[in-house]
Amino acid sequence: MKFKNGKHYFRIGSSTANRQYVKSYNLGPIIGTNIENLTTPTDTGEKAIATVRSKNYTKTAIIYKFDKNDKGTIVKKVPNGTKLTVDRAEYGSRSDAISFSGNAIIYHIKGTDNWIHGNDIKVNKNLTAHNYERY
């Protein structure tokens, strides 16, 4: 369920009088997936500083945004040396949509709906990698 505050929850229990909810990101590591319509993850409490270190000839990294079908579109390119705060690492269908190697990790840029490929950055600490798959 998506509440008015924009956060995603799973309802537990069947009684209408005693409905209880659990934040979806708390269940992600347990059930190995996120809810189907989750396009921007809720805050996991983790964060790291990522420095762009692209090895391509332009020395820039691409920032992506995903639609509800996990199609990645380019938002902009950022040069090497750019520092970003990332708050989620993910692999699965979204990362596969922008990766040629498969099983790549992408990182969510905190405070945005944008993502960056893990091969283009160096993070100052490892974040828990979540598996995102559509079923």
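Within the set of pairs 6+ apart or on separate chains, which have a first residue in region 75-96 that is farther than 13 Å from ASN124 by Cα, a second that is polar (S, T, N, Q) and crowded, with 17+ Cβ neighbours inside 10 Å, and C-beta atoms under 7 Å apart?
Matching pairs, first to second residue: VAL75/ASN114; ASN80/SER54; ARG88/THR44.
Give THR85, THR60, THR73, THR40 a once-over and let me know the one that is open to solvent by 20 Å² or more (accessible area, probe 1.4 Å) and modelled with pLDDT under 70. So that I can check it myself, show each step before the final result.
Numbers: THR85 fails: modelled with pLDDT under 70; THR60 fails: modelled with pLDDT under 70; THR73 fails: modelled with pLDDT under 70.
Exactly one of THR85, THR60, THR73, THR40 is open to solvent by 20 Å² or more (accessible area, probe 1.4 Å) and modelled with pLDDT under 70, namely THR40.
Here's a check for you: in region 62-87, which residue that is part of a strand (DSSP E or B) and polar (S, T, N, Q) is farthest from the chain's Cα centre (by Cα)?
Step one: filter region 62-87 for residues part of a strand (DSSP E or B), giving 62-66, 72-79, 83-87.
Those still in the list that are polar (S, T, N, Q) too: 73, 85.
Values: THR73: 15, THR85: 13 Å.
Among those residues, the one meeting the criterion is THR73.
Can you tell me how many residues within region 90-128 are modelled with pLDDT under 85, not polar (S, T, N, Q) and not in a loop (DSSP other than H, G, I, E, B)?
4
For ASN124, are the conditions met, namely being open to solvent by 20 Å² or more (accessible area, probe 1.4 Å) and either of a type in the set (D, E, K, R) or farther than 20 Å from LYS7 by Cα (or both)?
Yes.
The values are calculated or read from the model by the stated rules, or taken from the named source; none is laboratory data. These numbers come from a predicted model, not from an experiment. Neighbour counts run over all protein chains shown; Cβ positions are idealised from the backbone, glycine included. To get the accessible areas, we keep the full protein, side chains included, count just its heavy atoms, and leave off ligands, DNA and RNA. Shrake-Rupley method; radii C 1.70, N 1.55, O 1.52, S 1.80 Å.
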